[in-house]
Amino acid sequence: MNTPRTHTPSLAALQAFEAAARLESFTRAAEELHLTQGAVSRQVAGLEAALGLQLFERIRQRIVPTEAGRAYAAEIRDILSRLQTATLSTMAMKNVGGTLSLALLPTFGTRWLIPRLPDFFARHPEIAIDFSTRIVPFDFAREPFDAAIHFGDPTWPGTEAHRLMGEMIVPVASPAFLAREGITVPEDLVRVPLLRQATRPQGWAEWFEAQGLDPETARPGPRFEQFAMVAQAAVAGLGVAVVPRFLIEDELKSGQLVIPFDRPVESRQSYWLVYPTAQGERPALRSFRDWLLQAVGR
């Protein structure tokens with residue numbers, strides 16, 4: 001059976017359109033794609049003619065996607081990303097083990113996983129891994145990942161989940177900040193800025209409750225997206241942070257951060273390796289899963 005393709009634009013036209021929509025410039029899109037400005041403009045004009053609608057508004061020297069153009073660009077960007085992933089995966093098949101596309105938390109990746117990866121690649125040189133960072137759960141059906149390492153609960157439907165570890169959270173600050181503010185007991189924390197991590201909004205509440213303190217008395221400080229930023233803010237003396245201890249061992253060893261009260265609290269959630277059930281028997285994923293669970297055990 002032949003599949004009709006009368007409404008399928010060329011890849012070149014879609015690439016030109018996506019770049020122009022993202023950059024809002026035919027000239028910059030042409031530079032990115034190593035084409036002439038005229039070539040990009042013609043590709044977009046041809047695409048608009050084929051679709052029968054306007055994808056851009058021309059405002060002075062700028063081009064701005066129309067509402068239809070923005071929606072179409074988002075869909076095309078996802079398709080092009082999937083196409084690139086499929087191509088890289090196929091290219092990697094020259095290795096016996098294939099490739100693995102992994103989403104992970106940025107600070108967990110840099111502080112815990114990456115330092116241990118030489119052991120994995122020494123054992124499995126035939127496997128290639130593509131890493132991307134995500135700080136919140138996502139839809140495996142819409143993003144081209146084979147697996148993810150995330151913190152929270154194993155609640156994704158249609159997936160297999162393996163618990164990797166829990167964590168102990170501790171308050172930390174720079175020695176200079178503690179001395180300047182005269183912090184000696186937990187009750188002193190109610191009068192200083194408490195640094196917050198965006199994806200762990202209950203971190204300070206959990207710690208306060210474990211100490212028998214009212215979380216409502218806490219003074220909110222700046223909020224950051226990643227733990228690495230929270231730790232650096234604490235080093236800079238912006239306030240006190242509550243963070244997983246295993247992610248700040250370097251700062252503790254160097255003396256940049258100290259734990260003013262030896263009162264760790266175990267987080268209510270855990271780190272998990274999660275992947276779609278259908279992916280579970282892929283050789284590359286199976287090898288990584290087995291190695292990761294052993295590494296956590298060690």
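The values are calculated or read from the model by the stated rules, or taken from the named source; none is laboratory data. Fair warning: this is a prediction, and the values are worked out from it, not measured in the lab. Positions of Cβ are generated from backbone atoms using ideal geometry, with glycine treated the same way; all protein chains shown enter the neighbour counts.
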Quiz item: Restricted to the range 129-143, and to residues that are in contact (Cβ under 8 Å) with a residue 40 or more places away in the chain and touching a Ser or Thr at 6+ places or on another chain (Cβ under 9 Å), which residue is surrounded by the most Cβ atoms within 10 Å (Cβ to Cβ)?
Solution: Phe140
Self-check item: Odd one out for Pro115 among (1) within 25 Å of Val274 (Cα to Cα); (2) at pLDDT below 90
Solution: (2)
Practice problem: Please list, ordered by first then second residue, the pairs with beta carbon atoms under 9 Å, 6 or more apart or interchain, first in the range 40-58 and of a type in the set (Ser, Thr, Tyr), second exposed (fewer than 13 other Cβ atoms within 10 Å of the Cβ). | Solution: none
Quiz item: Given Arg200, Arg191, which one is among the basic types (Lys, Arg) and either in contact with a helix residue (DSSP H, G or I) (Cβ under 6 Å, 6 or more places away or on another chain) or under 26 Å from Ile114 (Cβ atoms) (or both)?
Solution: Arg200
Quiz item: Do you know which residues across the range 217-238 are in a loop (DSSP other than H, G, I, E, B), at pLDDT below 95 and closer than 18 Å to Glu181 by Cβ?
Solution: Ala218, Arg219
Quiz item: Any chance the range 163-186 includes a residue that's touching a Lys or Arg at 6+ places or on another chain (Cβ under 8 Å), in a helix (DSSP H, G or I), touching a residue at least 12 places away in the same chain (Cβ under 8 Å) and not acidic (Asp, Glu)?
Solution: yes
Quiz item: In the range 169-192, which residues are surrounded by fewer than 18 Cβ atoms within 10 Å (Cβ to Cβ) and either among the hydrophobic types (A, V, I, L, M, F, W, C) or closer than 17 Å to Phe224 by Cβ (or both)?
Solution: Ala176, Ala179, Val185, Val190
Quiz item: Which numbered condition trips up Asp153, out of (1) touching a residue at least 40 places away in the same chain (Cβ under 8 Å); (2) surrounded by 14 or more Cβ atoms within 10 Å (Cβ to Cβ); (3) in the same structural domain as Ala278 (by TED's automatic domain parsing)?
Solution: (2)
Quiz item: Which residue out of Gly203, Gly237 is of a type outside the set (Lys, Arg) and more than 17 Å from His150 (Cα to Cα)?
Solution: Gly237
Exercise. Report yes if Ile76 is in contact with a strand residue (DSSP E or B) (Cβ under 8 Å, 6 or more places away or on another chain), outside the structural domain of Ile248 (by TED's automatic domain parsing) and modelled with pLDDT of 90 or more, otherwise no.
Key: no
Quiz item: Applying the selection to the range 188-216, what residues are assigned to a helix (DSSP H, G or I), closer than 13 Å to Val240 by Cβ and not small (Gly, Ala, Ser)?
Solution: Asp188, Leu189, Val190, Arg191, Trp204, Trp207, Phe208
Quiz item: So His124 fits all but one of (1) surrounded by 15 or more Cβ atoms within 10 Å (Cβ to Cβ); (2) within 15 Å of the chain's Cα centre (by Cα); (3) assigned by TED's automatic domain parsing to the domain that holds Gln279; (4) not β-branched (Val, Ile, Thr); what number is the exception?
Solution: (2)
Self-check item: Members of the range 234-243 that are closer than 18 Å to Pro106 by Cβ and surrounded by fewer than 22 Cβ atoms within 10 Å (Cβ to Cβ)
Solution: Val235
Exercise. Residues being farther than 17 Å from Pro9 by Cβ and either modelled with pLDDT under 90 or under 30 Å from the mean Cα position of the chain (by Cα) (or both): count how many of those fall in the range 28-62.
Key: 10
Self-check item: strands (runs of 3 or more DSSP E) completely within the range 44-146 that count 3 or more residues being within 30 Å of Gln269 (Cβ to Cβ)
Solution: 98-104, 127-133
Quiz item: Where residues in the range 244-294 are of a type in the set (Val, Ile, Thr) and farther than 30 Å from Gly98 by Cβ, which of them is surrounded by the most Cβ atoms within 10 Å (Cβ to Cβ)?
Solution: Ile248
